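Take a look at the structure set out below.
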Amino acid sequence: NIDDQELLMTLGSQIAVAIDNARLYDKMGQLFVQMVQSLSSAIDAKDRYTHGHSHWVTLFSLAIADALMLTGDVKDTLQLSALLHDIGKLGIPEDILCKPARLTKEEFEIIKQHPIIGTRIIEPIKPLQKILPGMRHHHERYDGRGYPDGLKGREIPLFGRIISVADTYDAMTSDRSYRKGLSSDIALEEIQTCAGTQFDPMVVEAFFRVVRDSKIQFKG
């Protein structure tokens with residue numbers, strides 16, 4: 001009857017609007033991720049030796065997440081956290097950040113502020129609150145001797161424990177102004193040795209499953 005037809009037409013119109021909104025939301029989501037990727041590239045560009053660092057850290061972090069069977073929104077949040085883990089380096093003087101030699105103790109203390117600076121940059125953005133733990137705590141150590149808060153073991157948020165392994169592997173295998181990057185085998189051996197002290201053994205084991213199963217293509 002006419003009433004049923006009108007109801008169906010109304011429902012059809014509402015569904016069409018919902019689909020259009022979903023498409024718009026998806027496009028906005030893609031645009032947002034692209035903007036974050038551009039911002040992470042700008043961070044890396046401050047130092048030619050860290051070119052592509054955020055990309056690789058994100059790639060390794062997501063591979064570890066797969067090995068740990070993390071899915072959906074959790075992986076999406078980890079992706080953003082890994083992409084922006086070094087955003088605080090925007091607040092570090094370039095003469096320290098790009099110094100062509102090893103840092104002094106005082107300079108290293110300044111570098112150690114970048115997770116805190118990064119947290120302060122992102123904190124006012126309400127939708128990004130969930131990415132803060134990974135950003136702030138990716139330099140904590142499993143034995144409690146890391147920074148900025150000296151957290152220990154499972155006190156360290158999971159994202160921080162994941163990004164820590166990914167970040168360290170990329171840093172060790174990348175060239176720096178004062179040293180040549182290590183080979184993948186030597187870097188992996190070092191990470192294995194530091195499981196339980198610097199790194200969460202569970203995350204290290206997941207990373208080695210990724211390596212063993214060739215789930216990602218490594219640099220070079």
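The values are calculated or read from the model by the stated rules, or taken from the named source; none is laboratory data. Only a predicted model underlies this, so the values are computations on that prediction, with no experimental measurement involved. Here Cβ is always computed from backbone atoms with ideal geometry, including for glycine, and neighbour counts include all displayed protein chains. The area values use the complete protein model at the heavy-atom level, side chains included, leaving out ligands, DNA and RNA. Shrake-Rupley method; radii C 1.70, N 1.55, O 1.52, S 1.80 Å.
Need the failing condition index for residue 131 against (1) farther than 22 Å from residue 198 by Cβ; (2) touching an Asp or Glu at 6+ places or on another chain (Cβ under 6 Å); (3) in contact (Cβ under 8 Å) with a residue 40 or more places away in the chain, just the number.
Single failed check for residue 131: (2).
Being surrounded by 15 or more Cβ atoms within 10 Å (Cβ to Cβ) and not aliphatic (A, V, I, L, M) is the filter here; which residues of the range 61-74 pass it?
61, 66
Filter the range 175-200 down to the residues that are in a loop (DSSP other than H, G, I, E, B) and either surrounded by fewer than 14 Cβ atoms within 10 Å (Cβ to Cβ) or basic (Lys, Arg) (or both) and list them by number.
Start the filter on the range 175-200 by keeping residues that are in a loop (DSSP other than H, G, I, E, B), which leaves 175, 177-178, 180-183, 194, 196-198, 200.
The answer is 175, 177, 178, 180, 183, 196, 197.
Mind checking whether some residue in the range 206-215 is at pLDDT 95 or above and closer than 21 Å to residue 80 by Cα?
yes
Report whether or not residue 103 is at pLDDT below 95 and not in a helix (DSSP H, G or I). Before you say what the answer is, go through the steps one by one.
Values: at pLDDT below 95: yes; not in a helix (DSSP H, G or I): yes.
So residue 103 passes the test.
Can you tell me which residues in the range 133-167 are assigned to a helix (DSSP H, G or I) and buried (at least 21 other Cβ atoms within 10 Å of the Cβ)? Break it down stepwise before answering.
Just the residues of the range 133-167 that are assigned to a helix (DSSP H, G or I), to begin with: 133-136, 153-155, 158-167.
Across the range 133-167, the qualifying residues are 134, 135, 136, 159, 160, 161, 162, 163, 164, 165, 166, 167.
Could you tell me which numbered condition residue 85 fails, if it satisfies all but one of (1) modelled with pLDDT under 95; (2) buried (at least 16 other Cβ atoms within 10 Å of the Cβ); (3) not β-branched (Val, Ile, Thr); (4) not in a loop (DSSP other than H, G, I, E, B)?
Of everything listed in (1) modelled with pLDDT under 95; (2) buried (at least 16 other Cβ atoms within 10 Å of the Cβ); (3) not β-branched (Val, Ile, Thr); (4) not in a loop (DSSP other than H, G, I, E, B), residue 85 misses just condition (4).
Which numbered condition trips up residue 96, out of (1) under 16 Å from the mean Cα position of the chain (by Cα); (2) open to solvent by less than 40 Å² (accessible area, probe 1.4 Å)?
Status for residue 96: all satisfied but (1).
Only one of 173, 193, 168 is at pLDDT 95 or above and under 18 Å from the mean Cα position of the chain (by Cα). Can you tell me which? Lay out the reasoning, then the answer.
Values: 173 fails: at pLDDT 95 or above; 193 fails: under 18 Å from the mean Cα position of the chain (by Cα).
None of the other options fit; the residue is 168.
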